[in-house]
Structures are given as structure tokens and as C-alpha cells.
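Shown next, in C-alpha cells, is the structure this report addresses.
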Amino acid sequence: MTIGSAGTVNTNVPPQNYGGDSPERVEEFKEVVSHSTTSSTASWMQSSKGGQTSAHSQDTSKPLPFVLATRPPINLGNPTGKQGTPLYDTQGKGSKAGSETKAPSQMTTSKYETRGIAGELDPKYDVKAWKDDDSRDSRDKVQIKNPTGDTRLENLARSAANKALSQNGMDGAKADVMVQGTDGKNYRMSVRRNGNDTSVEITAMKRASDGKDVATMTKEMAAKGITVGKNFSQDELAAVYDGFATMKGKDLDAMNGVTLEKGTRKHVEGTDFNEMADYGNKKITFYKEAFEPGGMVGNMPQAGAVFLHEAGHRFDEVSGSLNKFQQAKGHADDITPYDALSKKLSPQVTDKSVKLDPKKEHYAEAYMLYKSDPKFMEQNYPQLFQFFKAQTTT
């Protein structure tokens, strides 16, 4: 289930992860989460007030995705087999921005800010605006790698860095954002923050769904045993297809017989979250919160990441590899905001059809990041990367 996990920025920029489980960090996270969405075990959740979070889990019941009304995404699992996805923060507080535009230095991180960068990015946030911004700390710096030379992208990157410097959850974390350049094309901005230092790398987006219509994508998924239901728009199915296209081994085989469908909004009783998607009985149901514009996780549009989270629940169900997963270093780490919140939300859920199992949510979130941003997973969680590589390779 998925209830939201990456904050989105209203400039075609997506949100991402939160890490840390000390009382202080949890409080900081809650502060940001109040403006994001969440997801549950088999899908993502979004705050019913407008935020996004993700949560997921798995069992004999269906996994569900949730959306938190003003909070980041969380993944929840349920006793009937429902499962969720990660949380996403859609709002941000103050803003800060870097001043230099040098090639970014390597900034390692083990946290994935799936909530993303909160707030709207400013395409006019130039060097002067950065210097004149009284809300920033004078020590704040930004390094921008922009091979396009596009001034709009440069300004958006500076604006994103400024916002990242004001978000507690971004310290020591990475967030990916999807923006449009002057040429009208989509670009991915990878934002990393370490204290007062931020780096932003801009790369052109190449999507597996480019040039494919609904009929073509439906046919290609059907060839792998996946049935696509009605009412998916071109953009919605394209985002899901991008996630599908990353699956090539035993994980794809596990999807044989699964149906994808669209549903109406579903509130998770006992919480402030709505589901983004859920999985159960060989069916993944997507809710409208899964298709929020601009959202992104790694190389995936938000809905593609939500699909992968739910597919992770399905693979866990078929492979029975959860116990092996728990033997890998990093399996219990709060890689995303949803990982962190799944533990908190689990005892709050009063919906008898939903059981939030943090262990299953961690599995689904880790699988989702393995497919959506394999480079991040291999660099920061090498044992988890090798685990999924061994499990999925045919």
C-alpha cells in the first residue's frame, strides 16, 4: 500500500525521502509530513489534506497506497493482503539557495527524500536573487551541474537548492525533481544537501514510454501477463509503464496474472491518510493521488514508483524472500520517509482490512528504489542492491 513519500514542487518537480528515528528527527519529520502524502504496503498514501506519503506491507490481505492530507507518503500493509507505498512531503518551510554553479562534488547519502522539494520553484531565481535572499544563511552554497546551459534550468536548480537548505528532512538526503526546460522538454534534477552545502545535477529525461500510446503500452504489458483496466489516461499509463519497463527477471514473472485498475479515493481509518494505491488478490488499484503532476523518485515519475512499490509487495508474496531480505545489512534502515512513518502509523490504523507491517513496507520501498534509482541503491545500500539483483535475476 502507498500513502505518499516525496514532496512535490509546483514547477514539475517531484518529492522524496526522510531518514532518522531519534525523537528529535521524528518530530522534525512530522513537521514536514503535515504537508505531504503517504503510501501503504502495496501502494502509496497521500494526506487527505493535500500532502503525499507512502507506506506498504504485505500479508494474506490486500496492500493499499495512501495519501496524507498534508503529510509525506508512507507504506502500510494489511492483514487481508493489502499493501502500501512511500510518503511524500508536498510543502516546505523557509528557503535557502546556493551561490556558485560549479560541478557538484560527490555528496554521499543514505537517505532518500521521497517527499521531494516542497513548494513552487522559481524559474527567475538567479544569482542576484540568491545573494539578496535574506532568508538564507550566508554560509549556504550550491554547486550546479547543468550541461544544457539553459538559464531557466539553472535558476530552477538554484531555487530547489534554496528550498532544500530550509527543509530539515533534506539534510543528508537526496531528492529528485522533474522540471521543464526552455525547450519544453522534461529534465531530472537530483538535489543533495549536506549541512550548508547543496549540489544539483541536471540530466535530460529518457522515458521508456516515450512515443507509445495507450494501446501499445497495454498490448506490451498484456504480453507479460499484466491486464490493464480501463480509464487510464495516456500520461497516467505512461508513468506506470515506465516502472513496468524496469522489470525484466523473476520480478516480472511474478506479475503474470496481475490486473491494474483505477479506483476512487480511499481513506485509511485511524489516520490522516488516503491511499495512493494498494495490492491484493493479484490486483493493483491506483487512486488519483498517485498521479499528482511533477512527482518523481529517481528516474521514475511518481506513479511509476508507486507501481514498483506495489510490485515489490507482489514479488515478496511470490518469492517468499522477506526473511532473506531481513538478513541483509540496511534492511531496517529508514531509507525513505515512509519507512520511518510506517512504524508510527502501524498501531494507529483502525481499518480492519489494512495491516501495516513495517518489515514488508521496508521490503517494498527498498525494491522500489532498487528499480527506480539503482545507482543510489548500489552506492548507499550495496547489500540490499545485491540481494534484489540475486533474487530477480533469471
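What the table shows:
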{"item": "By average C-beta atoms within 10 angstrom, highest first, the peptides 284-292, 326-334", "result": "284-292, 326-334"}
{"item": "Two-site FRET efficiency, S319 against D183, from Cβ-Cβ distance with R₀ of 51 Å, rounded to 0.05", "result": "0.75"}
{"item": "Cα-based reach from K352 at 14 Å (exclusive), listing aspartates and glutamates while leaving out same-chain residues under 8 positions away", "result": "D59, E269"}
{"item": "Table column - 3J(HN,Hα) (Hz), the stretch 135-148, Karplus curve with 6.51, -1.76, 1.60, x for Gly and Pro", "result": "6, 8, 7, 4, 7, 5, 9, 9, 10, 10, 9, 10, x, 7"}
{"item": "Cβ-defined net charge surrounding T109, 14 Å radius [Lys, Arg +1; Asp, Glu -1]", "result": "-4"}
{"item": "Over the stretch 247-363, relative contact order from alpha-carbon pairs under 8 Å, at least 6 apart, %", "result": "24"}
{"item": "Selection from M300, Q326, S342, by position along the positive dipole direction of the stretch 300-368 (Cβ)", "result": "Q326"}
{"item": "Backbone N within the stretch 196-218 under 19 Å of label point (7 Å from S233 Cα along the Cβ vector)", "result": "209-218"}
{"item": "Over 18 Å between alpha carbons, listed pairs K206/K375; K131/K163; K212/K283; K174/K266; K248/K389", "result": "K212/K283; K174/K266"}
{"item": "Shape category assigned to the stretch 126-175 from the gyration tensor of Cα positions, a/c cut at 1.5", "result": "oblate"}
{"item": "For the stretch 315-378: Kirkwood Rh in Å [reciprocal of mean 1/r, alpha carbons]", "result": "12.6"}
{"item": "Within the accessible area of the stretch 141-252 (1.4 Å probe), percent carbon and sulfur", "result": "44"}
{"item": "Amide H within-cut-off set for D373, under 5 Å, with H built and near neighbours excluded", "result": "N299"}
{"item": "Antiparallel DSSP beta bridges within the stretch 196-287, as percent of all bridges there, nearest 5", "result": "45"}
{"item": "By average C-beta atoms within 10 angstrom, highest first, the peptides 169-175, 363-369, 305-311", "result": "305-311, 363-369, 169-175"}
{"item": "Förster radius 22 Å - calculated FRET efficiency between Q326 and K248 (Cβ-Cβ, nearest 0.05)", "result": "0.30"}
{"item": "Relative contact order (%) - criterion: Cα under 8 Å, at least six apart; region: the stretch 194-242", "result": "44"}
{"item": "The stretch 117-190 and the stretch 298-340: distance between their alpha carbon centers, rounded to Å", "result": "29"}
{"item": "Under-5 Å amide H pairs with N194, H placed in peptide plane, nonlocal only", "result": "G172"}
{"item": "Highest to lowest packing among 345-357, 215-227, scored as the average C-beta count within 10 Å", "result": "345-357, 215-227"}
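The values are calculated or read from the model by the stated rules, or taken from the named source; none is laboratory data. Small disclaimer: the values here were computed from a predicted structure and weren't measured. All Cβ positions, glycine included, derive from the backbone under ideal geometry; neighbour counts span all protein chains shown. Note: accessible area is taken over every heavy atom of the protein model, side chains too, but ligands, DNA and RNA are not part of it. Shrake-Rupley method; radii C 1.70, N 1.55, O 1.52, S 1.80 Å.
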